[in-house]
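Nothing in this text is a laboratory measurement; each read-out follows from the coordinates by a stated rule. These numbers come from a predicted model, not from an experiment. Please note: Cβ atoms are built from the backbone with ideal geometry, for glycine as well, and neighbour counts cover all protein chains shown.
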Amino acid sequence: MIVRKREMQTGAWFKIITNYLKNIKYWRKYKMNNDPVIKTFIPYGKQYIDEDDIVAVSEVLRGAYITTGPRVEIFERDLCNLTGAKYAVAIANGTAALHAACFAAGIEEGDEVVTTPMTFAASANCILYCGGTPVFADIDPDTWNISADEIEKRVTDRTKAVVAVDFTGQAVDLDRIRDICIRQNLILIEDAAHAIGTKYRDKYVGSIADMTIFSFHPVKTITCGEGGAILTDDENYYRKLLRFRTHGIIHDPKLMRQKPFNGFYEQIELGYNYRLTDFQAALGSSQLKKLDKFSKRRAMIVDIYNRELGKIPELILQKEIPDSKTTRHIYIIRLNKKLLRASRGEFYKSLNEENVGLQVHYIPVYYHPYYQSLGYRKGLCPVAEDLYEDIITIPLYYSLSDEDVYSVIEAVKKTVDKYRK
Ligand SMILES: Cc1ncc(COP(=O)(O)O)c(C=O)c1O
């Protein structure tokens, strides 16, 4: 009896201890699954500033000019040297660059301008600034860039220009779009805010469209803090762009109409103060020297993402066209909703909890309440609207280490596992 009782007691203790150990194991596993894959938050984008940049800016700050001066001209020359464009006008930001380009193109009330909905609002706002009407053409379902066929469908006898956006840095189908513009007598403005360093068929973006704009916002491949530029081969556009940047004012006595006091200056049309400062330009030139290494590192990260995330059937990746040798600005994953049981919102929240910085590029422009108030309605561009429901931008920037890249991939895999159907 006593022996049996002892055996039972030992058995009970054994059970208690094994259960205890099991619980620790499960708790650990549970905890591990709930601990974020990434310990320190990784943002989705970040500038890279080194000592050379700091020295370049400091030199200007110690000198005579801090607003638009010789460094702006040098930066403009640097942009021409890089791209092969004849003229460059450095300007306050990418939005001002788009505004200036629409002005130089002569957009005014009654004109229609075709653009993509899958972009930042500035690509369409610039048309409105000039009194024109943005007309949205749908995107290609694979490259996510504006579709040449859709542009052609939207051309009417009121269409004056096309604002084509190199989405994520990948060049649009420039040959076909240029062909449409030539046939239909339209001005092509390339919004290459994402695409400095990208080549289309061996020619740098910046040397192909009638006017090309860049943005140098800190999440872009190179930065001036804030900054932008318009590139063109057309001297007439160039002169207009220069005037527009500085109040519509000219200083050349030969061009003056009234010969005012001492022929000092004359305002001949409505312009703005959209000037870039010399210290921003110095930063721009210094950053341009690193463009090649920035582009290469971004391409390496894109290759790793493509290779690893491409193996996950629950994700769809942006298709790359061989004509574009892309300097990628952002990396987007598209959720394959047939294989996942999470909405984009749920997936985003969960992945964000793994300490991965995320964004959505973009809400279709005409979804914004302001555009809705102008009469635009959902349903205009179904391909872009479908894409919007499924996309999330994950981290991509020069200083992202391989270790960070692989932890982002781990975090994405964990989130996919969580929501797999
Ligand atoms: C496609 C596109 N166009 C234009 C702009 C405007 O550039 P900025 O912010 O320099 O005014 C942006 C900015 O993010 C953009 O993404």
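A few notes on this one:
- Each other residue within a Cβ distance under 15 Å of Asp157 adds +1 if Lys or Arg and -1 if Asp or Glu, for a net charge of +2.
- Net charge of Cβ neighbours under 12 Å - reference Ala192; Lys, Arg +1; Asp, Glu -1: -1
- The residues neighbouring Asp202, those whose beta-carbon lies less than 13 Å from its own, together hold a net charge of +2 under the Lys/Arg +1, Asp/Glu -1 convention.
- Of the peptides 266-273, 249-256, the ranking by mean beta-carbon count within 10 Å, highest at the top, reads 266-273, 249-256.
- Stretch gain in nm, segment Arg239-Glu410, where the contour uses 0.36 nm per residue and the Cα spacing is subtracted: 56.4 nm
- For region 264-329 versus region 50-67, the spacing of their alpha-carbon centroids is 23 Å.
- Across all directions, the average projected area of the convex hull around the alpha carbons of the chain is 28.1 nm².
- In this simple spin-label model, placing a label point 7 Å from the Cα along the Cα-to-Cβ direction at both Glu308 and Arg183 gives a separation of 4.5 nm.
- Taking a ≥ b ≥ c as the square roots of the Cα gyration tensor eigenvalues, region 51-288 comes out oblate, since a/c reaches at least 1.5 and a/b does not exceed b/c.
- Global dimensions of region 314-364 from alpha-carbon coordinates: Rg and Dmax equal 13.1, 38 Å.
- Burial order of peptide ranges 197-208, 115-126, 176-187, 374-385 (average beta-carbon count within 10 Å, highest first): 115-126, 197-208, 176-187, 374-385
- Förster-model FRET efficiency, 41 Å R0, Tyr265 and Glu51, C-beta, rounded to 0.05: 0.55
- Computed from backbone phi with θ = phi - 60° and the Karplus coefficients 6.51, -1.76 and 1.60, the 3J(HN,Hα) list for region 371-381 is 5, 4, 5, 8, x, 6, 10, 4, x, 5, 9 Hz; x is used for glycine and proline.
- The H on the amide N of Thr68, modeled in the peptide plane, is under 5 Å from the matching H of Asp278, each at least 5 residues off or on a different chain.
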